[in-house]
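Notes to accompany the following structure.
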Amino acid sequence: MKRNTGITFLFAMLFIFAGSFNFVSAKDYGAPDVTPITPMSSTEGDYYDDSDEDADGDYYDDGYDQEYTQNGPGDSFIKLLAMPNFPLNFGDKMTLGGQITVGYHRFLTSMLALGADLSFGYNPTIGGNLFTYVPITMGITFQPYIWRFEFPITLNVGAAIENYLSYTYFPGLIIRPEVGVFYRINENWSVGAECEFTYMPQWYANDHSKDDYLFLISAVAGVRYHF
């Protein structure tokens, strides 16, 4: 009797001990339960490009379309010009002369530039003497372009030191409009030609009968260095 009671007690303890465990099926021991990740796409399947995102992932669009221009604000050029001068109103007193010019100009916009020129010019007289002048001018240039061709239209105004024999006139007003065409060889160099018209009056406050003026027209060849 005691033996049956012991066996019954043993089975009861085993049953209670086994019931304290939660048994799961073998299929529950597979790969971890991970939710599948689907690729991100934009609304209605549009292509999504994150190349223009900032650090926070927001889309960035500056609304600026790049456009190539021959020149831009801050660009500059130095020009060197050489030309023959043809006197228009002193043909019976002056002959063919010449002039050289060096100048610096800086673009304010892609087509508008400001600058200054320094020149030296001369015209011989029929008596074998020499009329010389040294103009210093400020100029404003409007320059449209087509492909590699540039079309500068410039108005220069300044003062000149004028000399003939032992006589010097200063400051002499000088007004010089110019129009030309230049071919842009590369980023740094252009060559071209201009036509210049020069007006230089001489006014005398004490004797207006001595007032005079000189008209010159010039055919110009030049080179410009851009930077």
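Some observations on this one:
- DSSP-loop GluC sites (Glu not before Pro) across the stretch 165-210, with at most 13 other Cβ within 10 angstrom: E187
- Lys, Arg +1 and Asp, Glu -1 on Cβ, resulting dipole of the stretch 182-226 about Cα centre, debye, nearest 20: 220 debye
- Net charge over other residues, Cβ less than 14 angstrom from the Cβ of Y169 (K, R count +1; D, E count -1): -3
- With only the Cα atoms considered, the stretch 77-178 has a convex hull volume of 101 Å³ per residue.
- Charge sum, other residues only, whose C-beta stays under 11 Å from Y204's C-beta, Lys/Arg counted +1 and Asp/Glu -1: -2
- Where Rh is the Kirkwood radius over Cα pairs, Rg/Rh for the stretch 126-227: 1.09
- Model label points for F149 and A116, set 7 angstrom from Cα along the Cα-to-Cβ axis, are 3.4 nm apart.
- Cα centroid separation, the stretch 188-227 to the stretch 91-151 (Å): 5 Å
- Restricting the stretch 98-177 to chymotrypsin sites (Phe, Trp or Tyr not before Pro) that sit in a DSSP loop and have at most 12 other Cβ atoms within 10 Å of their own Cβ leaves W147.
- Spin-label zone in the stretch 184-213 - amide nitrogen under 19 Å from a point set 7 Å from the Cα of L165 along the C-beta vector: 202-204, 207, 209-213
Values quoted throughout were computed directly from the atomic coordinates according to the rules given, and no laboratory measurement underlies them. Values in this document were obtained by computation on a predicted structure and should not be read as measured data. Note: ideal-geometry Cβ built from the backbone for every residue, glycine included; neighbour counts use all protein chains shown.
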